[in-house]
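Before any comments, here is the structure.
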Amino acid sequence: MTDPLYIRMHPADNVAIVANDGGLAPGARFADGLTLCDRVPQGHKVALVDLPMGSAVLRYNVPIGYALKDIPAGSWVHERLLEMPAARGLEGLPISTLRAERLPPLEGYTFEGYRNADGSVGSRNILAITTTVQCVAGVVEFAVKRIKEELLPRFPNVDDVVGLEHSYGCGVAIDAPDAIIPIRTLRNITLNPNFGGEVMVVSLGCEKLQPERLLPPGTIQIVDERSVADVGISADAALDVVCLQSEHHIGFMSMIDSIMQAAVLHLEKLDARRRETVPASELVVGVQCGGSDAFSGVTANPAVGFCTDLLVRAGASVMFSETTEVRDGIDQLTSRASTPEVAEAMIREMAWYDAYLQKGLVDRSANTTPGNKKGGLSNIVEKAMGSIVKSGTAPISGVLAPGEKLRQKGLTYAATPASDFICGTLQLAAGMNLHVFTTGRGTPYGLAEVPVIKVATRSDLARRWHDLMDINAGRIADGEASIEDVGWELFHLMLEIASGRKKTWAEHWKLHNALVLFNPAPIT
Ligand code: CA
């Protein structure tokens with residue numbers, strides 16, 4: 001790509017982003033005659049017309065800011081020239097006004113998955129060891145290493161062994177109302193479909209989060225057969241707990257022996273499982289973005305949005321999240337809600353998060369990073385408009401509060417912070433069996449519990465990180481592929497990866513981020 005090129009997202013926009021690798025120098029002339037008066041880095045905005053002081057700067061046909069001084073056509077429009085608009089109030093929003101036509105069903109697509117007793121389907125066959133408290137993390141890590149070395153080779157159908165380590169469990173105000181969030185997150189992660197219902201717990205003994213509190217008897221819920229059911233622990237089955245403070249343990253090695261003995265029983269059951277052909281509707285996909293740039297909302301996120309529509313048409317479950325990155329598009333979301341109840345639930349989650357941020361004396365604008373700005377995103381409004389397109393065009397048919405488990409098909413708004421690790425952890429708790437992650441600045445993000453497919457927004461990133469990025473959506477900006485092409489490519493790759501026929505680069509290199517719980521409750 002040598003000719004100067006800009007990308008305008010909407011005919012009404014008065015700014016566009018520079019597409020060329022390395023940006024463009026002053027004097028660069030676009031096909032329509034517009035000439036740059038400043039150097040403009042790649043992904044940054046150029047004024048298409050003269051923007052008088054105080055006028056609205058439009059991208060995605062939305063005011064992303066107001067000019068702080070006169071900005072001549074051809075100028076670099078960066079965040080220091082813009083006053084950010086106030087957040088849209090949560091009153092008087094359009095409620096379920098968009099009667100989105102039901103998308104035509106997409107039939108005949110399948111993958112090879114692990115069917116669980118309750119009907120849910122895993123994309124991997126993993127032994128997860130649940131921990132009640134951070135105190136046991138070192139012991140569990142030691143045991144997991146030995147299980148992998150000494151036991152796993154005997155169970156070739158088991159993909160991996162993972163210790164569900166976290167920083168919660170004690171030293172926390174466990175009776176605070178918001179403590180329900182980290183507790184149900186841990187509970188629901190334990191029940192993720194990729195763990196096959198084989199629940200084993202390692203506890204210290206004296207911690208606040210006792211095993212029975214984490215996984216009370218009868219944690220199973222019976223749900224109607226149309227929905228994504230819980231992986232259950234039967235009400236009468238005793239919870240399998242190794243308690244390190246138990247008097248049976250004499251010395252460290254006796255603890256390791258106990259964990260390994262328990263692991264063998266679960267590994268035997270997991271090893272007996274086989275993949276079977278299941279419809280694509282069994283996919284439970286969580287989408288998020290991280291390390292975003294101005295191309296995120298031009299290439300990767302629209303391609304993910306197209307794929308989201310394909311998944312919804314195939315009857316699958318898709319979650320989009322990241323409250324601070326959709327807050328500025330709340331009117332788009334409430335109008336797309338399939339029912340007024342869904343719209344009200346969305347408003348409830350936004351209001352909760354507004355209050356949460358206010359307690360910390362910040363607002364949603366605390367979201368953007370130095371890297372976002374370097375990548376051309378001036379503020380959270382611009383970032384949100386690009387982030388929200390991951391949700392495609394389907395009606396939003398459900399809302400989850402943080403840490404809740406997904407119980408339905410279609411498109412759901414799973415309320416989570418935008419923090420990559422916390423969003424991933426909460427989507428894991430919701431029951432995802434596949435994760436899609438778009439990035440423009442680049443991040444090696446991965447999870448041990450589910451495959452993470454990473455989509456690069458720019459070809460330059462995809463070339464430099466050729467063994468970390470799974471799909472290059474930058475080809476859209478290069479004019480080499482359409483949004484639909486990349487959306488379909490992602491859809492087909494999902495079926496390959498969910499079937500275990502392919503691995504993601506993060507799986508290949510075993511790049512795993514920590515589980516990070518969202519704990520809005522006090523620490524003691
Ligand atoms: Ca994120």
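The values are calculated or read from the model by the stated rules, or taken from the named source; none is laboratory data. Keep in mind that this is a model prediction, so the values were computed, not measured. Ideal geometry is used to build each Cβ from the backbone, glycine not excepted, and the neighbour counts take in all protein chains shown. To get the accessible areas, we keep the full protein, side chains included, count just its heavy atoms, and leave off ligands, DNA and RNA. Shrake-Rupley method; radii C 1.70, N 1.55, O 1.52, S 1.80 Å.
Annotations for the structure displayed:
- Using a simple spin-label model with pseudo-atoms 7 Å out from Cα toward Cβ, residue 464 and residue 496 lie 2.6 nm apart.
- Scanning residues 5 or more positions from residue 242 or on other chains, those with amide H under 5 Å from its amide H are 201, 202, 203, with H placed 1.01 Å from N in the peptide plane.
- For residue 70, the shell of other residues with beta-carbons less than 15 Å away shows a net charge of -1, using +1 for Lys and Arg and -1 for Asp and Glu.
- For a paramagnetic label modelled on residue 408 (point 7 Å from Cα along Cα→Cβ), amide N atoms under 20 Å away belong, within region 277-291, to 281-287.
- When both bridge partners sit in region 110-275, DSSP labels roughly 15% of those beta bridges antiparallel.
- Listed by chain and number, the lysines whose alpha-carbon sits under 19 Å from that of residue 359, ignoring those within fewer than 8 places in the same chain, form an empty set.
- Using R0 = 25 Å, the C-beta based FRET efficiency linking residue 363 and residue 91 works out to 0.90.
- Using the Cβ-Cβ distance between residue 212 and residue 276 with R0 set to 35 Å, the FRET efficiency works out to roughly 0.55.
- Rounded to whole numbers, the Karplus 3J(HN,Hα) couplings from phi for region 5-19 are 9, 10, 10, 9, 8, 8, x, 7, 5, 9, 10, 9, 9, 6, 8 Hz, using 6.51 cos²θ - 1.76 cosθ + 1.60 with θ = phi - 60°, and x at Gly and Pro.
- Database remark: amide H of residue 65 closer than 5 angstrom to the amide H of 57 (H placed geometrically; neighbours at sequence offset of 5 or more, or on other chains; Pro and chain starts carry no H).
- 18 Å Cα-Cα reach of residue 390 towards lysines, excluding residues that sit fewer than 8 places from it in its own chain: 409, 454
- Computed from phi, the 3J(HN,Hα) profile of region 167-173 under the Karplus parametrisation 6.51, -1.76, 1.60 (θ = phi - 60°) reads 9, 8, x, 7, x, 10, 7 Hz, with x in place of Gly and Pro.
- Residue among 498, 35, 55 farthest towards the positive dipole end of the chain, charges placed on Cβ: 35
- Proximal lysines to residue 145, defined as alpha-carbon separation beneath 24 angstrom and excluding residues fewer than eight positions away on the same chain: 269, 503, 510
- Theoretical FRET efficiency, 1/(1+(r/R0)^6), r = Cβ-Cβ of residue 101 and residue 478, R0 30 Å, to 0.05: 0.40
- Of the residues 263, 417, 24, the one whose Cα sits farthest towards the positive end of the charge dipole of the chain is 24 (charges of +1 on Lys and Arg Cβ, -1 on Asp and Glu Cβ, taken about the Cα centre).
- Ranked from largest to smallest solvent-accessible area, with a 1.4 Å probe on the protein heavy atoms, 491, 252 come out as 252, 491.
- Residue-level accessible surface for residue 66, protein heavy atoms, 1.4 Å, Å²: 80
- Largest-first ordering by accessible area, 1.4 Å probe, given options 422, 126: 422, 126
- Cα gyration tensor shape for the chain, rounded if a/c is under 1.5, else prolate or oblate: prolate
- Probe 1.4 Å - accessible area at residue 206, Å² to nearest ten: 90
- For residue 470, net neighbour charge (Lys/Arg +1, Asp/Glu -1) across residues whose Cβ lies under 11 Å away: -1
- In order along region 135-144, phi translates into HN-Hα couplings of 3, 8, 4, x, 5, 5, 4, 4, 5, 4 Hz, rounded to whole numbers, per the Karplus curve 6.51 cos²θ - 1.76 cosθ + 1.60 with θ = phi - 60° and x for Gly and Pro.
- With all protein chains in place and ligands, DNA and RNA left out, the 1.4 Å accessible area ranks 480, 325 as 480, 325, largest first.
- Placed amide H near residue 115: partners under 5 Å, 5+ positions off or other chain: 122, 276
- By a 1.4 Å probe calculation restricted to protein chains, residue 426 has an accessible surface near 10 Å², given to the nearest 10.
- Prolate/oblate/rounded label for region 110-275 (Cα gyration tensor, a/c 1.5): oblate
- Antiparallel beta bridges, as assigned by DSSP with both residues in the chain, represent about 40 percent of the total such bridges.
- Dipole check for the chain: with +1 at the C-beta of Lys and Arg, -1 at the C-beta of Asp and Glu, and the Cα centre as origin, the magnitude is about 560 Debye.
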